[in-house]
Amino acid sequence: MQDSIRRPEAVIHLHLKERRVQFRFVLRAIASTLPIVGLATCAGSHAPGASAMDKTAAPSQGLVLQAGEGERRVRRNAGKGPFIIKVDRQNGGSPDLVMGYEELVPGAEIQLHRHLVADEILFVHRGSGVVSLGERESRVSTGATVYIPRNVSISARNTGSEPLGIAFIFSKPGFEEMMRDNSVLEGQPVTPISAEERERIRQKHRWHTVFPPW
């Protein structure tokens, strides 16, 4: 009779053994779903512009750049001057901010456009000109600041007799890659850009910048 009745210790031991079996089964079930979750996450990262935005910057210790220092480039567009990319993911390792400097020769202009994902600030370092911001037009000169919210159109032209030096700052990356596609590093051969190539570049980057017609 005593052998047919389980002792309390045996009941507890059997219960714990069953719980361990159930726990191992749950762990196996969770582990089997991880590759699926990973694939779904990767598939979702290919939204327009994701490849450019997902480039992670290496940890940065910051930069101290003198005038003229940075990634110096020359535009392939006729009548456009050189520019410098000073801070971005490649220069300084900033994951968000983009800062650069360019000079417009007298009579040159920045074509009307809109940025879709980033705010921009222009600071006039020297010279004078006219900017069109949204529906208004304003004269600017040394020391002027222009704030351009995303989705607000902007253009600028040099109306003075000396170069119009402008520092530009973006709150999000993207436009600097379009500038690279339209230019070459200083010292490299400058091949004129064709209308077809310019259009391909614009289509590639239209997730962050658009030109008229809207």
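Of the set (1) of a type outside the set (Asp, Glu); (2) in contact with a helix residue (DSSP H, G or I) (Cβ under 8 Å, 6 or more places away or on another chain); (3) within 19 Å of residue 171 (Cβ to Cβ); (4) in a strand (DSSP E or B), all apply to residue 99 but (2).
What residue, among those in the range 173-214 that are of a type in the set (D, E, K, R) and under 19 Å from residue 74 (Cβ atoms), is surrounded by the most Cβ atoms within 10 Å (Cβ to Cβ)? Filtering the range 173-214 for residues that are of a type in the set (D, E, K, R) and under 19 Å from residue 74 (Cβ atoms), the one surrounded by the most Cβ atoms within 10 Å (Cβ to Cβ) comes out as 176. Scanning the range 185-214 for residues that are of a type in the set (Phe, Trp, Tyr) and under 21 Å from residue 81 (Cα atoms) yields a single hit, 211. No other residue among 131, 152 is aliphatic (A, V, I, L, M), closer than 25 Å to residue 213 by Cα and surrounded by fewer than 17 Cβ atoms within 10 Å (Cβ to Cβ) apart from 152.
Regarding the range 172-184, can at least one residue be identified that is over 16 Å from residue 82 (Cα atoms), polar (S, T, N, Q), at pLDDT 95 or above and outside any strand (DSSP E or B)? No, every residue in the range 172-184 fails to be over 16 Å from residue 82 (Cα atoms), polar (S, T, N, Q), at pLDDT 95 or above and outside any strand (DSSP E or B).
Before we move on, is residue 162 part of a strand (DSSP E or B) and farther than 22 Å from residue 207 by Cβ? It is false that residue 162 is part of a strand (DSSP E or B) and farther than 22 Å from residue 207 by Cβ.
Filtered by the rule that a residue be touching a Leu at 6+ places or on another chain (Cβ under 9 Å), under 19 Å from residue 202 (Cβ atoms) and in contact (Cβ under 8 Å) with a residue 40 or more places away in the chain, the range 110-155 gives 110, 153, 154, 155.
The values are calculated or read from the model by the stated rules, or taken from the named source; none is laboratory data. Keep in mind that what you see is a predicted model, and the values were worked out from it rather than measured. A quick note on method: Cβ atoms are made from the backbone with ideal geometry, for glycine too, and the neighbour counts reach across all protein chains shown.
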